[in-house]
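**Q** To start, I am sharing the structure in question, which I have written as structure tokens.
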Amino acid sequence: MKRLNRVCLFCAQMAILWLLGACAPTPTGMAVEPTPTSPAVEPSPVGLSATLKAPSSLPNGEAVRVTFTLTNHAPERLYVLTWYTPLEGIFGEIFRVEHDGQSIAYEGPLVMRGDPLPEHYVLLEPGASVSAEVDLATAYDFSQVGEYTIEFLSPRISHVAKTEREFATSVDDLGPVQIPCNPLSLSIRGSSVSPARWTLAEAAEMIRGYLQSQHPQLNPDVRLPLEELATPQVWEDLRVQLFRITDGPFIHESFLIRGENVLHIGEATGGRGLTSLEISDLDEDGTAELLFTYAFGSGLHQSRIGMYAPAYGPERTYEADTGYFGDLGLVKEDEATVSVRVVEPDEAALTLQYLDLLGSLAIEVHGAQAALVLHLADDLPDNVRAQLFEVTG
């Protein structure tokens, strides 16, 4: 079986959650000059520096969009690993944020990595820059009015190479890379407009109401500690938020909130619940879909594949009619192609192996009804095919 190392989302409150790196923003390749609010900094010995740029003031509830620009000041080209920089999105605590002098906790995903691959590097010619924009509000709480300071934290696990032959091939080859960067000051001012995004406390009350509607005998005071699965593309493309319960009788259960509506995503009874996410446009209609896998069952462990597709029905989710006894993960090949692979986690080594290709996903429409379909690979091994089952009901 072929091993493929992929980025996966690891949240502290659960064993493993897989999240592929396709939702990371693509570097623009355009230089951004330092501004009066983004003063220039001295480059590191290897020749790298970065700048942050953002509005000096924003109304409460707005996205906190920050532009990160990485520049090569060295006389030779540099290949820089994008891990733990905004060039791949926010998949770790890569910023220090303070509100009126008090540290703001990081609420976004943490990641565990396989070995670095050549596509994880970005090439910077001498004097060249590359930029990416991220929304800090997806990973830090900016709901309070006041003054904020934002600092980029140099990656502790990274690599810089001068030639492709010097690329790291193992996590053992990686180490700290200094990237000096200016701090930012940002003022969040009050607004009469309702926040565009729900806070954890607000989401908890909405999810509590949903659970009570499904379980009328539920204790109204049951604890529902939440974390937000803060993936920028989910909000930007679908205007929805994803939350997961981290403790208590509904541990690992996940929910999607769009406006005032709450949807239960997958199932976690006896398992990890949501295990992978991808944003795609399978039917190429210009409207994004959220694809996900989830795992449940302690005695009979199984995985299933689901979809949230607002173009076909924003009040429901769809499920593929093929399930698998084991673990599955999604791989985004391009905007309209998402494959499904058998996965095997190695929790001790904090690595993830993507193994056999199970097939690819498609949306089929019959009349007014849409369906999520898994087209199985032609060369599926017999031992893998034996673990498939039909989802009914």
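The values are calculated or read from the model by the stated rules, or taken from the named source; none is laboratory data. Just so you know, these numbers come straight off a predicted model, no measurement behind them. All Cβ positions, even for glycine, are placed from backbone atoms using ideal geometry, and neighbour counts span all protein chains on display.
**Q** Yes or no: Glu278 of a type outside the set (S, T, N, Q), farther than 30 Å from Val365 by Cβ, assigned to a strand (DSSP E or B) and modelled with pLDDT under 95?
**A** Taking the combined requirement at face value, the residue does not satisfy it.
**Q** Just one of (1) modelled with pLDDT of 90 or more; (2) touching a Gly at 6+ places or on another chain (Cβ under 7 Å) trips up Pro232, so point out which.
**A** Pro232 satisfies all of (1) modelled with pLDDT of 90 or more; (2) touching a Gly at 6+ places or on another chain (Cβ under 7 Å) except (1).
**Q** For Glu284, are the conditions met, namely being modelled with pLDDT under 90 and surrounded by fewer than 23 Cβ atoms within 10 Å (Cβ to Cβ)?
**A** yes
Residue-by-condition table, conditions (1) in a loop (DSSP other than H, G, I, E, B); (2) buried (at least 22 other Cβ atoms within 10 Å of the Cβ):
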{"residue": "Leu218", "(1), (2)": "yes, no"}
{"residue": "Asp237", "(1), (2)": "no, no"}
{"residue": "Phe243", "(1), (2)": "no, yes"}
{"residue": "Val262", "(1), (2)": "no, no"}
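**Q** Applying the selection to segment 39-58, what residues are assigned to a strand (DSSP E or B) and either touching a helix residue (DSSP H, G or I) at 6+ places or on another chain (Cβ under 7 Å) or surrounded by 14 or more Cβ atoms within 10 Å (Cβ to Cβ) (or both)?
**A** Selection gives Leu48, Ser49, Ala50, Thr51, Leu52, Lys53, Leu58.
**Q** Just to check your reading of the model, which residue among Ile207, Ile150 is under 30 Å from Lys53 (Cβ atoms), under 25 Å from the mean Cα position of the chain (by Cα) and surrounded by 20 or more Cβ atoms within 10 Å (Cβ to Cβ)?
**A** After applying the criteria, what remains is Ile150.
**Q** Residues in segment 374-383: is at least one in the same structural domain as Gly271 (by TED's automatic domain parsing) and in contact with a Phe, Trp or Tyr (Cβ under 9 Å, 6 or more places away or on another chain)?
**A** Within segment 374-383, none of the residues are in the same structural domain as Gly271 (by TED's automatic domain parsing) and in contact with a Phe, Trp or Tyr (Cβ under 9 Å, 6 or more places away or on another chain).
**Q** Something else now. How about segment 111-147: which of its residues are in a helix (DSSP H, G or I) and either of a type in the set (A, V, I, L, M) or over 19 Å from the mean Cα position of the chain (by Cα) (or both)?
**A** The answer is Pro118, Leu136, Ala137.
**Q** Which condition number does Glu93 fail, the rest of (1) touching a helix residue (DSSP H, G or I) at 6+ places or on another chain (Cβ under 8 Å); (2) in a loop (DSSP other than H, G, I, E, B) being met?
**A** It fails just one condition, (1).
**Q** Any idea how many residues of segment 245-260 are buried (at least 17 other Cβ atoms within 10 Å of the Cβ) and either assigned to a strand (DSSP E or B) or not assigned by TED's automatic domain parsing to the domain that holds Ala288 (or both)?
**A** 5
**Q** If you check Tyr354, Tyr312, Tyr324, Tyr294, which single one turns out to be crowded, with 16+ Cβ neighbours inside 10 Å and closer than 20 Å to Asp237 by Cβ?
**A** That would be Tyr312, the only listed residue that is crowded, with 16+ Cβ neighbours inside 10 Å and closer than 20 Å to Asp237 by Cβ.
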